[in-house]
Amino acid sequence: PPSMTTPIHIRAARPEDELDLIRLAALDSAPAPRGRALVAVVDGAIVAALDLEAGRAIADPFRLTADLVELLRTRARTLGEIGSPARRRWPSLRRQASPIALAR
């Protein structure tokens, strides 16, 4: 688990994060974000994500992530982004992953 000195990066999801978000969603048995999202990155891995349009979070169930999800929600509120589809500051993740990419 992350210690008090482990860096946590909160950032906008990027198109290249799509497969990581799909894998994270599968671990959480939940749908992956398909639009704008914030992600929490610990030790180079996305461990939690917040769908900014739906307000729904996904997280790695094998890590302690409740505080990270709350951090994502707090950041989204600070930015005025949660539940706000009209704001389009970040690229959408709506493109479809190819079947070949999903098989990796």
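Residues that are over 12 Å from Ile58 (Cβ atoms) and either basic (Lys, Arg) or open to solvent by 80 Å² or more (accessible area, probe 1.4 Å) (or both) within the stretch 8-25 comprise His9, Arg11, Arg14, Glu16, listed in sequence order. Within the stretch 59-80, residues that are under 21 Å from Arg23 (Cα atoms) and open to solvent by 30 Å² or more (accessible area, probe 1.4 Å) reach partners that are in a helix (DSSP H, G or I) and of a type outside the set (Gly, Ala, Ser) with beta carbons closer than 9 Å, at six or more positions or on different chains, in the pairs Pro61/Leu27; Pro61/Asp28; Phe62/Leu27.
I'm trying to understand the selection: among the residues of the stretch 45-58, which are surrounded by fewer than 18 Cβ atoms within 10 Å (Cβ to Cβ) and either not aliphatic (A, V, I, L, M) or not in a loop (DSSP other than H, G, I, E, B) (or both)?
Those that are surrounded by fewer than 18 Cβ atoms within 10 Å (Cβ to Cβ) and either not aliphatic (A, V, I, L, M) or not in a loop (DSSP other than H, G, I, E, B) (or both): Ala45, Gly55, Arg56.
Being out of contact with any helix residue (DSSP H, G or I) (no Cβ under 9 Å at 6 or more places or on another chain) and modelled with pLDDT under 95 is a description that applies to Leu64.
Among residues of the stretch 26-44 that are open to solvent by 20 Å² or more (accessible area, probe 1.4 Å), those with a beta-carbon under 8 Å from a residue that is β-branched (Val, Ile, Thr) and assigned to a loop (DSSP other than H, G, I, E, B) at least six positions away or on a different chain give the pairs Asp43/Thr6.
Can you pull out every residue in the stretch 67-104 that is of a type in the set (A, V, I, L, M, F, W, C) and at pLDDT below 90? Across the stretch 67-104, the qualifying residues are Leu79, Ile82, Ala86, Trp90, Leu93, Ala97, Ile100, Ala101, Leu102, Ala103.
The values are calculated or read from the model by the stated rules, or taken from the named source; none is laboratory data. It should be emphasised that the depicted structure is a prediction, and the values quoted were computed from it without experimental measurement. When we count neighbours, we look across all protein chains shown, and the Cβ atoms used for this are built from the backbone with ideal geometry, even at glycine. Calculation scope for accessible area: heavy atoms of the full protein, side chains included, ligands and nucleic acids excluded. Shrake-Rupley method; radii C 1.70, N 1.55, O 1.52, S 1.80 Å.
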